[in-house]
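Engineer: Quick one: the structure is below, questions incoming.
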Amino acid sequence: MELATVGTVAFGRANFEPGWKWSESVKPIVKTEYCEAPHVQYHVSGRLRIRMADGSEEEFGPGDVGTTPPGHDAWVVGDEPVVVIDISGMKEYAKPAAKKGARKLAKRKTKKKR
């Protein structure tokens, strides 16, 4: 994954190889049931399937723009790598939930002191 920040927007370019699945590759790191990062993505190549916690599914391919709220699993469909440009969820992507919570708490404490 590559990150670039412009002002307050973090752009992430992610590459997912065939066989990649969030619940197998990232879930053990973040220790949450589903991906809790919201995503607004432009799909450059490959096909990515998303399953929400409620069981609904959607698939994205090259040229698609999609939004995905927190509470989802995702995986590569087929044998082509997936490349996405994400403008909302990559700054906190694949970081353990405990660390995310600690950072949010520290930000709140910092804001209150001002």
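Engineer: Take the conditions in a strand (DSSP E or B), under 15 Å from Asp86 (Cα atoms) and open to solvent by less than 70 Å² (accessible area, probe 1.4 Å) and apply them to Ala14. Does it pass?
Structural biologist: Values: in a strand (DSSP E or B): yes; under 15 Å from Asp86 (Cα atoms): yes; open to solvent by less than 70 Å² (accessible area, probe 1.4 Å): yes.
When the stated conditions are applied, Ala14 passes them.
Engineer: Looking at (1) farther than 22 Å from Pro96 by Cβ; (2) at pLDDT 95 or above; (3) of a type outside the set (S, T, N, Q); (4) exposed (fewer than 14 other Cβ atoms within 10 Å of the Cβ), which is the only condition Arg49 fails?
Structural biologist: Against the list (1) farther than 22 Å from Pro96 by Cβ; (2) at pLDDT 95 or above; (3) of a type outside the set (S, T, N, Q); (4) exposed (fewer than 14 other Cβ atoms within 10 Å of the Cβ), Arg49 comes up short only on (4).
Engineer: Related question: Give the residues of segment 67-86 that are within 12 Å of the chain's Cα centre (by Cα) and of a type outside the set (Phe, Trp, Tyr), sorted by residue number. Talk me through it step by step, then tell me what you get.
Structural biologist: Applying the first criterion (within 12 Å of the chain's Cα centre (by Cα)) to segment 67-86 yields 67-75, 84-86.
Answer for segment 67-86, where residues must be within 12 Å of the chain's Cα centre (by Cα) and of a type outside the set (Phe, Trp, Tyr): Thr67, Thr68, Pro69, Pro70, Gly71, His72, Asp73, Ala74, Val84, Ile85, Asp86.
Engineer: Considering only residues of segment 17-34 that are touching a Pro at 6+ places or on another chain (Cβ under 9 Å) and farther than 12 Å from Asp73 by Cα, which is most open to solvent (accessible area, probe 1.4 Å)?
Structural biologist: For segment 17-34, the residue satisfying everything is Lys31.
Engineer: Conditions first: (1) modelled with pLDDT of 90 or more; (2) touching a strand residue (DSSP E or B) at 6+ places or on another chain (Cβ under 7 Å); (3) closer than 13 Å to Ala37 by Cβ. Pro81 passes all but one, so which condition is the exception?
Structural biologist: (3)
Engineer: Tell me whether segment 35-46 contains one or more residues that are at negative phi, at pLDDT 95 or above and open to solvent by 30 Å² or more (accessible area, probe 1.4 Å).
Structural biologist: yes
The values are calculated or read from the model by the stated rules, or taken from the named source; none is laboratory data. Not measured: the values here are computed from a predicted model. Cβ atoms come from the backbone with ideal geometry, glycine included; neighbour counts cover every protein chain shown. When the accessible area is computed, the model is the full protein with side chains, heavy atoms only, and any ligands, DNA or RNA have been set aside. Shrake-Rupley method; radii C 1.70, N 1.55, O 1.52, S 1.80 Å.
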